[in-house]
Amino acid sequence: MRAALQNSSVIGPTVGFVRLPHAEGLPLPAYESAGAAGMDLRAAVPDDRPLLILPGKRALVPTGLILEIPEGMEGQVRPRSGLAFKHGLTVLNSPGTVDSDYRGEVKVLLVNLGDEDFAVTRGMRIAQIVFAAVTQVAVEERSLAGGTARGSGGFGSTGTA
Ligand SMILES: O=c1ccn([C@H]2C[C@H](O)[C@@H](COP(=O)(O)OP(=O)(O)OP(=O)(O)O)O2)c(=O)[nH]1
Ligand SMILES: [Mg+2]
């Protein structure tokens, strides 16, 4: 298995990671390749108590991490394509939004859309988090929206092919 990239190769803002006691011994998220967009999140479930997700059921999986995301950024919790392809496991609220002012434990809402039970074991990489810039906007109420060529056409109005 390829080692996760060292921090020194990353140019960008810094996100703080606080490891909670139940994440002790688990590797911190890290980019797994030079161009990776996301860092994998690991399940901080007890070693002796895997979390079983039955077909059609969902579970909130602890990561054991509190993040300190810089203002103006968010964390997006997304599925891992391998788990989705092989087991039908995905993130129900994808992309989950981790706000920069959230100081609770980051959790992953997994849903099993496959037809077999899925056991989430300690340290398993269950999802990935992508950090992205967000823009907060000012709201201005207006009586009319300005005209455009598209107008109100949507939901396939430009054709399907
Ligand atoms: O996949 C996720 C999504 C959210 N959160 C945490 C961080 C986020 O900042 C907070 C609130 O998420 P969101 O705004 O999506 O949920 P809500 O239902 O609107 O809850 P709230 O009323 O607390 O904002 O929950 C996670 O840990 N994982
Ligand atoms: Mg909210």
Item to check | Residue count, segment 18-66 (criterion: farther than 17 Å from VAL77 by Cβ, touching a Gly at 6+ places or on another chain (Cβ under 7 Å) and among the charged types (D, E, K, R)) | outcome: 1
Checklist outcome for this item: Listed by first then second residue, the pairs whose first member lies in segment 82-110 and is within 11 Å of ILE129 (Cα to Cα), whose partner is among the basic types (Lys, Arg), with beta carbons under 9 Å and at least 6 positions apart or on separate chains, are SER94/ARG78; PRO95/ARG78; GLY96/ARG78; GLY96/LYS107
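Being in contact with an Asp or Glu (Cβ under 6 Å, 6 or more places away or on another chain), at pLDDT 95 or above and of a type outside the set (S, T, N, Q) is true for just one of ARG122, ARG78, ARG103, ARG58. Which residue is that? Please lay out each step first, then the result.
Numbers: ARG78 fails: in contact with an Asp or Glu (Cβ under 6 Å, 6 or more places away or on another chain); ARG103 fails: in contact with an Asp or Glu (Cβ under 6 Å, 6 or more places away or on another chain); ARG58 fails: in contact with an Asp or Glu (Cβ under 6 Å, 6 or more places away or on another chain).
Of the residues listed, the single one that is in contact with an Asp or Glu (Cβ under 6 Å, 6 or more places away or on another chain), at pLDDT 95 or above and of a type outside the set (S, T, N, Q) is ARG122.
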Item to check | Residue in segment 109-120 that is surrounded by 15 or more Cβ atoms within 10 Å (Cβ to Cβ) and under 10 Å from the mean Cα position of the chain (by Cα) present | outcome: yes
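So which residues in segment 106-128 are more than 9 Å from ligand 1 (Cβ to nearest atom), part of a strand (DSSP E or B) and hydrophobic (A, V, I, L, M, F, W, C), if there are any at all?
So in segment 106-128, the residues more than 9 Å from ligand 1 (Cβ to nearest atom) come out as 110-126, 128.
Right, trim to part of a strand (DSSP E or B) and you get 110-112, 118-120, 125-126, 128.
Across segment 106-128, the qualifying residues are LEU110, VAL111, PHE118, ALA119, VAL120, ILE126.
With the requirement that a residue be among the hydrophobic types (A, V, I, L, M, F, W, C) and surrounded by fewer than 18 Cβ atoms within 10 Å (Cβ to Cβ), what does segment 57-95 give you? Outline the logic, then answer.
At the first step, the residues of segment 57-95 found to be among the hydrophobic types (A, V, I, L, M, F, W, C) are 59-61, 65-67, 69, 73, 77, 83-85, 89, 91-92.
LEU60, ILE66, MET73, ALA84, PHE85, LEU92, listed by residue number.
Is it fair to say ALA132 is under 29 Å from VAL10 (Cα atoms), in a strand (DSSP E or B) and more than 13 Å from ligand 1 (Cβ to nearest atom)?
Values: under 29 Å from VAL10 (Cα atoms): yes; in a strand (DSSP E or B): yes; more than 13 Å from ligand 1 (Cβ to nearest atom): yes.
In short, yes.
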Item to check | Elements of type strands (runs of 3 or more DSSP E) contained in segment 30-105, each with 1 or more residues being within 14 Å of ligand 1 (Cβ to nearest atom) | outcome: 39-42, 58-68, 73-78, 89-91, 96-98
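The values are calculated or read from the model by the stated rules, or taken from the named source; none is laboratory data. Predicted model only: the values in this text are computed from it and were never measured. Note: ideal-geometry Cβ built from the backbone for every residue, glycine included; neighbour counts use all protein chains shown.
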